[in-house]
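A short write-up of the structure that comes next.
The values are calculated or read from the model by the stated rules, or taken from the named source; none is laboratory data. Quick caveat: nothing in here was measured; it's all calculated off a predicted structure. Note: ideal-geometry Cβ built from the backbone for every residue, glycine included; neighbour counts use all protein chains shown.
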Amino acid sequence: MNTRKTGSEKEQIAAAYLKKNGYEIVEQNYRCRFGEIDLIVRKDGYLIFVEVKYRAGGGQGGAFAAVDYRKQKIISRVAMQYMCYRKLPDDVPCRFDVVAITGERIEHMANAFDFCG
């Protein structure tokens, strides 16, 4: 199976998981010249930028380890661009989450990293 198709399927699984847990899906696969954010959701007054990572098994350091500092910087830049593009005020509470899917197991790490400017 190609990686783009697999990624899209896992993002749908993550979106359904978040929705089932009370999150409102705002946008999926937001792209700009800086990169992409898999899911943008809302819950409890927060605008949440979500990176979805999939690993078939526990090797390669695991799904959470794949969201390294370089990836965090990209996500942060895209989030900033999104806020500007949507003309959202600077004081909107935001956070960065990671949903890791390993095999059939789903883990959600809220506030997984801070903004990397």
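Results for (1) under 15 Å from Tyr17 (Cβ atoms); (2) without any contact (Cβ under 8 Å) to a residue 12 or more places away in the chain, shown as yes or no for each residue.
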position	(1), (2)
Arg55	no, no
Ala65	no, yes
Gln72	no, no
Cys84	no, yes
Glu107	yes, no
Ala110	yes, no
Gly117	no, no
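All conditions in (1) assigned to a strand (DSSP E or B); (2) touching a Leu at 6+ places or on another chain (Cβ under 8 Å) hold for Phe96, with the sole exception of (2).
The residue list Val92, Val67 contains one member that is in contact with an Asp or Glu (Cβ under 6 Å, 6 or more places away or on another chain) and not acidic (Asp, Glu), which is Val67. With more than 19 Å from Asn111 (Cα to Cα) and in contact with a helix residue (DSSP H, G or I) (Cβ under 7 Å, 6 or more places away or on another chain) as the only criterion, which of Phe96, Phe34 stands out? Result: Phe34 is the single residue among Phe96, Phe34 that is more than 19 Å from Asn111 (Cα to Cα) and in contact with a helix residue (DSSP H, G or I) (Cβ under 7 Å, 6 or more places away or on another chain). Name every residue in region 99-116 that is over 18 Å from Glu11 (Cα atoms) and either touching a Leu at 6+ places or on another chain (Cβ under 6 Å) or assigned to a strand (DSSP E or B) (or both), in order of residue number. Those that are over 18 Å from Glu11 (Cα atoms) and either touching a Leu at 6+ places or on another chain (Cβ under 6 Å) or assigned to a strand (DSSP E or B) (or both): Asn111, Phe113. The number of residues in region 12-54 that are in contact with a Leu (Cβ under 9 Å, 6 or more places away or on another chain), crowded, with 20+ Cβ neighbours inside 10 Å and either among the charged types (D, E, K, R) or part of a strand (DSSP E or B) (or both) comes to 8. Against the numbered list (1) assigned to a helix (DSSP H, G or I); (2) at pLDDT 95 or above; (3) surrounded by fewer than 13 Cβ atoms within 10 Å (Cβ to Cβ), Ser76 comes up short only at (3).
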